[in-house]
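Asker: Questions regarding the structure given below will be posed in turn.
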Amino acid sequence: MDIRSTLAALCDGFNAHDLDRIMTFFADDCVLEMPRGPEPWGSRFEGKAAVREALAGRFEGLPDVHYGDAEHFADAASDTGMSKWLLTGTARDGTKRVVRGCDFYTFRDGKVIRKDSYWKIVESG
């Protein structure tokens, strides 16, 4: 499998807000860790249905979310990859979001088994 190509295709799916396409890349026993939450790892979602619901929430909260300036990196020896991006979007309350972040991916048999997301904390100065 070409991890970098897979990461680029995943990014395309996210930018198209196409949950069906996105979820074809995920294994049934996948795990998603989002940056915000009550635990040191943020919020964790386990299993394909829970991951899909969490990602749907991202599109609901930022209906015009876009992951631009994407760069993808891979370590085929360990079945891992990383995508860096600039997230832009508008929250339902009209608040504009612009934040750098990255996702760390782990693959098994060509499917994502773990997606761990990180965002910069943007503070008004």
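Asker: Do we find that residue 10 is within 19 Å of residue 113 (Cα to Cα), open to solvent by less than 40 Å² (accessible area, probe 1.4 Å) and in contact (Cβ under 8 Å) with a residue 12 or more places away in the chain in this structure?
Answerer: When the stated conditions are applied, residue 10 passes them.
Asker: Quick check on this structure: which one of 74, 16, 54 is surrounded by 18 or more Cβ atoms within 10 Å (Cβ to Cβ) and at negative phi?
Answerer: 74
Asker: Could you tell me how many of the residues in the range 19-31 are open to solvent by 50 Å² or more (accessible area, probe 1.4 Å) and outside any strand (DSSP E or B)?
Answerer: 3
Asker: Out of curiosity, is residue 55 outside any strand (DSSP E or B) and within 24 Å of residue 94 (Cβ to Cβ)?
Answerer: Judged against the criteria, residue 55 is a match.
Asker: If you scan the range 58-81, which residues turn out to be assigned to a helix (DSSP H, G or I) and either touching a residue at least 60 places away in the same chain (Cβ under 8 Å) or farther than 19 Å from residue 18 by Cβ (or both)?
Answerer: Within the range 58-81, 76, 77, 78 qualify.
Asker: List the number of the failed condition for residue 58; all other conditions in (1) out of contact with any helix residue (DSSP H, G or I) (no Cβ under 9 Å at 6 or more places or on another chain); (2) of a type in the set (D, E, K, R); (3) under 30 Å from residue 123 (Cβ atoms) hold.
Answerer: (1)
Asker: Please specify each residue of the range 89-125 satisfying the condition of being outside any strand (DSSP E or B) and either of a type in the set (A, V, I, L, M) or touching a helix residue (DSSP H, G or I) at 6+ places or on another chain (Cβ under 9 Å) (or both).
Answerer: The answer is 91, 92, 110, 121, 122.
The values are calculated or read from the model by the stated rules, or taken from the named source; none is laboratory data. Remember, it's a predicted structure, so these values are computed and weren't measured experimentally. Backbone-built Cβ (ideal geometry, glycine too); neighbour counts: all protein chains shown. Side chains are part of the model used for accessible areas, which takes the heavy atoms of the whole protein and leaves out ligands, DNA and RNA. Shrake-Rupley method; radii C 1.70, N 1.55, O 1.52, S 1.80 Å.
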